[in-house]
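Colleague: Have a look at this one.
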Amino acid sequence: MEAIEYTTPKTIAEAVQAMASAGDRARALAGGTDLLVQLRGGRRSADLVVDVKDIPELNEVSYNPQSGLTIGAAAPCYQIYANADVAANYPGLVDSASLIGSIQIQGRASLGGNLCNSAPSADAIPPMIAMGGVANIAGPNGTRQVAVEDFCTGPGRNVLESGELLVSINIPAPAPNSGANYLRFIPRNEMDIAVAGVGSAVVLDSSGQNFVSARIALASVAPTPVFAREAGDSLAGKAVSDESIEEAARLAMEAAVPITDMRGTVRQRIHLVGVLTRRTLNNAIRRARGEE
């Protein structure tokens, strides 16, 4: 067992300084539900673990009707789905936050940690992509923002550079007549890794009968979470119909580039993307119409 230094900064500046001091050998710890398992199993190594749970900005969960939702990178899942503003305005986010691990895990795991772990199967990432989420990053060279769809670069890899830290995720305020939903398929009833997952978000016109815009994102069907841009764009300006939804599902299936592994085959995963895209779009439409 290697010796690992541990520090608990109280400000973003202190955390960035600590991360920069160890460079690529530093790891940020929010809930630790991924990192601690990886360190123990030898999948990751570190000289320094920077515990960010005591930094106020990283624990923020706040909603403003103009600027939208801010979720601190260390805010645990239970604070997401227990928040009345989030439940009322971002049910698609609640869909994913309530699926991550067990109730016990949700007391520690964070959406920010889910994003930084950058697993292709991450449940939190597709709905954040579908709802236009932006990652706020701090580092030795200042701050920057990266769209969530551009954050992951490979399995377990992302855009964070040496010394950088994810501070929060901002999700825009929901537009009128909008709705979102996330669904996954797993072999067991709970606490399993998605064979495939889909997050969809739609904006309808005032009649609720036509699409203004849509965004669709996929999990577990590529080396990174997938923003199926063409699938969502195909719905813009079209009537809400089985035909338009079926076309979006077809394009989402084309965006998937899965592999066959112990959890599923290529054929199964592509089929599931179509099924889940249709279901999430229909659920998002119902939410946009205020039917659920």
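Colleague: Considering the alpha-carbon set of the chain alone, what are its Rg and its Dmax in angstrom?
Modeller: According to the Cα coordinates of the chain, Rg and Dmax are 18.8, 62 Å.
Colleague: Rank by packing, highest mean first: peptides 249-255, 125-131, with packing defined as the count of other Cβ atoms within 10 Å averaged across residues.
Modeller: In decreasing order of mean packing, 249-255, 125-131 become 125-131, 249-255.
Colleague: Moving on to the next point. Of the heavy-atom accessible surface of the chain (probe 1.4 angstrom), what whole percent is carbon and sulfur?
Modeller: For the chain, the apolar C and S fraction of the accessible surface comes to 50 percent.
Colleague: Let me ask something else about it. Can you compute 3J(HN,Hα) from phi for each residue in region 152-166, using the Karplus curve 6.51 cos²θ - 1.76 cosθ + 1.60 with θ = phi - 60°, rounded to whole Hz and x for Gly and Pro?
Modeller: Those phi angles translate into 8, 10, x, x, x, 10, 8, 7, 4, 9, 3, x, 8, 9, 6 Hz.
Colleague: Please work out, to two decimal places, the log10 of the ratio I(q)/I(0) at q = 0.18 Å⁻¹ from a Debye calculation in which every Cα of region 133-212 carries one identical scatterer.
Modeller: Here log10 of I(q) over I(0) equals -0.95.
Colleague: Just order 279-287, 68-76, 266-274 by mean Cβ neighbour count inside 10 Å, highest at the front, would you?
Modeller: Highest to lowest by the protection proxy: 68-76, 279-287, 266-274.
Colleague: Here is a further query. Considering every Cα-Cα pair within region 79-131, what fraction, in whole percent, is farther apart than 14 Å?
Modeller: Every Cα pair in region 79-131 considered, those over 14 Å come to 49 percent.
Colleague: Here is a follow-up. What is the spread of the Cα atoms of region 192-288 along each of their three principal axes, largest first, in whole Å?
Modeller: 45, 23, 21
Colleague: Further question: Check which residues have an amide H placed less than 5 Å from Ala75's amide H, if you skip close sequence neighbours.
Modeller: The list, which skips near neighbours in sequence, is Gly112.
Colleague: Now a separate question. Distance between Cα centroids, region 80-117 to region 160-188: provide it in whole Å.
Modeller: 10
Colleague: Separate question: What Rg and what Dmax come out for region 32-179 when only alpha-carbon atoms are used, in angstroms?
Modeller: 14.7, 49
Colleague: Also: Sort all Cα-Cα distances of region 1-42 into consecutive 5 angstrom bins from zero, then give the percent of pairs in each bin up to the one containing the longest distance.
Modeller: P(r) for region 1-42, in whole percents per bin: 5, 20, 28, 26, 15, 5, 0.
The values are calculated or read from the model by the stated rules, or taken from the named source; none is laboratory data. Values in this document were obtained by computation on a predicted structure and should not be read as measured data. Positions of Cβ are backbone-derived with ideal geometry, glycine not excepted, and every protein chain shown enters the neighbour counts. We work out accessible area using only protein heavy atoms, side chains counted, and drop any ligands, DNA or RNA first. Shrake-Rupley method; radii C 1.70, N 1.55, O 1.52, S 1.80 Å.
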